[in-house]
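What follows is one structure encoded as structure tokens, with my remarks underneath.
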Amino acid sequence: MTELNLHKIEKKILLSLVKHDKIDIEKLASITNLSLDNVRRGIEWLKYKGLLSVSVHKDSIIQLISERSNDGHPSDKPHVSDILTLPERRIVNAIKSKHQKNIKIGELAKLCSMSNIEFSVGIQNALRNGWLSKVADTLKITDNSEKLSLEETLLEKISRLKKIKLSELSDKELHGFTLLKKRPGYLKETVEKTFGISLTNEGRKVASNIKNDVEEGIGTITSEIISTGKWKNEKFTEIDVTSPVRSYAMGRTHPLTEIINEIREIFVSMGFSEIEGSTIQSCFWNFDVLFTPQDHPARDMQDTFYLSDLTDKEIDSDISDKVSHFHKTEWSYDWDIENSKQTVLRTHTTPVTIKYLSESKLSSGRIFSIGRVFRNEKMSYKHLMEFHQIEGIVIGETVNLRDLMGLQKQFYSKLGLEKVKFWPTYFPYTEPSLQSMVYIDKLGKWVELFGMGMFRPEVTQSVGILNNVLAWGGGLERIAMIRYGLDDVRELYDNKLSWLRMQPICPL
């Protein structure tokens, strides 16, 4: 650390502390002619650099609470401010105002116009102080009545000084403070912090090398400094690479989008091409072509979002005739094309895939899609009404279920999931069908992920595809939950900035 690393404010503070060690911030601001904000800022800089230390000292400060009305009569020689006259002094003054030494307690109570509690406390304290003596129900003023009590002495001192530190009180004054503390309405005690600023050994070394507190090196190189040759005779401010810098919350890609991009790269690396389609589909492509009967529970409004006043009137008659034939033959009911014209928010991405196959008439190839799908389900920790689905399709004359399982293992491996197993299951439009499970080391258990299978001939033949079609797909959010260790899928969409900013760009 050298003087060239220091700001002008820091130099002023260091030079002032050489002459005035261990001073508070206010005095330091006065000596340096800097504002309190600049002094505080400079102190933080120097403290971080290890050039000065700051000690904190706490003091209890005693002050008067507020002005109080005085119901008594001032004496000829008041000992304290009338505002602070204690009840016992007002009682004594009231007796003296009658120009007599003895008085009945009942008569004195009427004369003082105090509350019962205040009058009782005043009499007790006057007797304790030796100002009064009592015989039966008569009170008599003593020769000590002019003597100040410990409480009066302290009140008079605080009234004069406005405030006083508890640590500066004598033993007698401390006793008076203890007595007054029990009596509400007179004193308040607060804690006041003072900061002692002093140089460290390193700070003294640096300060001794400062020749002038306004001397600064060149911090910015300009064309004028270079062209005039001024730089030859000037010093340049050193750059302290260890100094803290302000942190910025930079914009970044949402973690879910990062996973989508990662999965897209995996598909491409495996030789797949991406396809896209509309989120609005007719029931024909969303259900019927996929060999889902028109009375299937998945087609109920409780499971699907239907769109009112919007129908699809451009259904290919050749395809619809084949679909009708397969439904009538295999499901044994009369298929109604009018039901197929209804439109829905797609419940999966497969209608996009099968529609693409019907238009392209691929004989072989690999395609995939990633898109939003919609289900009319109750929101919960594991279900959303809107989520992303991944789907991969492989077409070929000889591709089989073994190929599909191999592709699945390769896909999961690229996601860092090595342990995979499969078992038979059922889907309306694939046969045979399998369910995949992956083992998650962090959770210590197997987790169900994608469904998979070979498209039924009732599906592929309806759209003119004669070769085998392998398919797999599932929810992308489940992969995101595993990746980020979430127990509730809704956390992906909560938009909590604290969570979003703490996620690593490249999670392991």
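The values are calculated or read from the model by the stated rules, or taken from the named source; none is laboratory data. Just so you know, these numbers come straight off a predicted model, no measurement behind them. A quick note on method: Cβ atoms are made from the backbone with ideal geometry, for glycine too, and the neighbour counts reach across all protein chains shown. Please note that ligands, DNA and RNA were not included when accessible areas were found on the heavy atoms of the full protein model with its side chains. Shrake-Rupley method; radii C 1.70, N 1.55, O 1.52, S 1.80 Å.
Remarks
- Dipole of the chain, positive direction: furthest Cα of G473, N33, T353, with charges on the beta-carbon: N33
- Less than 5 angstrom separates the built amide H of T430 from those of R456, all sequence-distant by 5 or more or on a different chain.
- Surface accessible to a 1.4 Å probe, per residue, for the residues of region 389-508, Å²: 50
- Shown in residue order for region 263-273 are the 3J(HN,Hα) couplings computed by the Karplus curve 6.51 cos²θ - 1.76 cosθ + 1.60 at θ = phi - 60°: 5, 4, 5, 5, 4, 4, 5, 9, x, 9, 10 Hz (x for Gly and Pro).
- Accessible carbon and sulfur surface of region 331-475 relative to its total accessible area, %, 1.4 Å: 49
- Of interest is the spacing of the C-alpha centroids, which for region 407-452 and region 471-494 amounts to 15 Å.
- For the residue pairs K8/K235; K11/K235; K96/K163, the C-alpha atoms sit more than 23 angstrom apart in K96/K163.
- Placing +1 on the Cβ of every Lys and Arg and -1 on the Cβ of every Asp and Glu, with nothing else charged, gives the chain a dipole about its Cα centre of roughly 3740 debye.
- A Förster radius of 41 Å, combined with the Cβ-Cβ distance separating T200 from D488, puts the computed FRET efficiency at roughly 0.20.
- In the context of the full protein assembly, M385 retains an accessible surface of approximately 80 Å², using a probe radius of 1.4 Å and ignoring ligands and nucleic acids.
- Cα-based helix-to-principal-axis angle, 87-97 vs the chain, degrees rounded to 10: 30
- Taking region 146-190 and a reference point 7 angstrom along Cα→Cβ of H57, the backbone N atoms nearer than 16 Å belong to 164-169.
- In a DSSP loop and with at most 13 other Cβ atoms within 10 Å, the trypsin sites (Lys or Arg not before Pro) in region 298-370 are K313, K361.
- Degrees separating the helix 150-161 axis from the principal Cα axis of the chain, which is the longest one: 70
- Restriction of the GluC sites (Glu not before Pro) in region 402-468 to DSSP coil positions whose beta-carbon has at most 13 other beta-carbons within 10 angstrom yields E418.
- Under 5 Å from the amide H of L307 lie the amide H atoms of T343, V344, L345, each residue being 5 or more positions distant or on a separate chain, with H modelled from the backbone and absent for Pro and chain starts.
- Phi-based couplings in Hz for region 484-495 (Karplus 6.51, -1.76, 1.60; Gly and Pro marked x): 9, x, 9, 9, 10, 4, 5, 5, 5, 10, 6, 6
- Modelled this way, with points 7 Å down the Cα-to-C-beta line, the labels at N102 and L307 are 11.1 nm from one another.
- Fully extending the segment from Q124 to D321, taken as 0.36 nm per residue of separation minus the present Cα-Cα distance, adds 59.8 nm.
- Here region 356-463 is assigned +1 on the Cβ of each Lys and Arg and -1 on the Cβ of each Asp and Glu. Its dipole about the Cα centre then comes out at about 380 debye.
- Dipole orientation for region 390-467: of the candidates G451, Y439, T398, Y439 has the Cα lying most toward the positive pole (charges on Cβ; Lys, Arg +1; Asp, Glu -1).
- Among [x] 16, 34, 30, 16, 5, 0; [y] 16, 23, 14, 21, 18, 8, 1; [z] 22, 50, 24, 4, 0, the entry that matches P(r) over Cα pairs in 20 Å bins from 0, in percent as calculated here: [y]
- Each of S167, H296, I370 was placed along the dipole of the chain (beta-carbon charges, centred on the mean Cα), and the one lying farthest toward the positive end is S167.
- Rounded to the nearest 500, the 222 nm mean residue ellipticity of the chain from helices alone is -10500 deg cm²/dmol, with -39,500 (n - 2.57) taken per DSSP H run of at least 4 residues.
- Range in the chain, longest, excluding exposed chymotrypsin sites (Phe, Trp or Tyr not before Pro) [loop by DSSP; at most 16 other beta-carbon atoms within 10 Å]: 1-247
- Region 243-302, accessible surface, carbon-and-sulfur percent (1.4 angstrom probe): 53
- Along region 54-65 the Karplus relation, 6.51 cos²θ - 1.76 cosθ + 1.60 evaluated at θ = phi - 60°, assigns HN-Hα couplings of 10, 9, 10, 10, 9, 10, 8, 10, 10, 9, 6, 5 Hz to successive residues, with x for each Gly and Pro.
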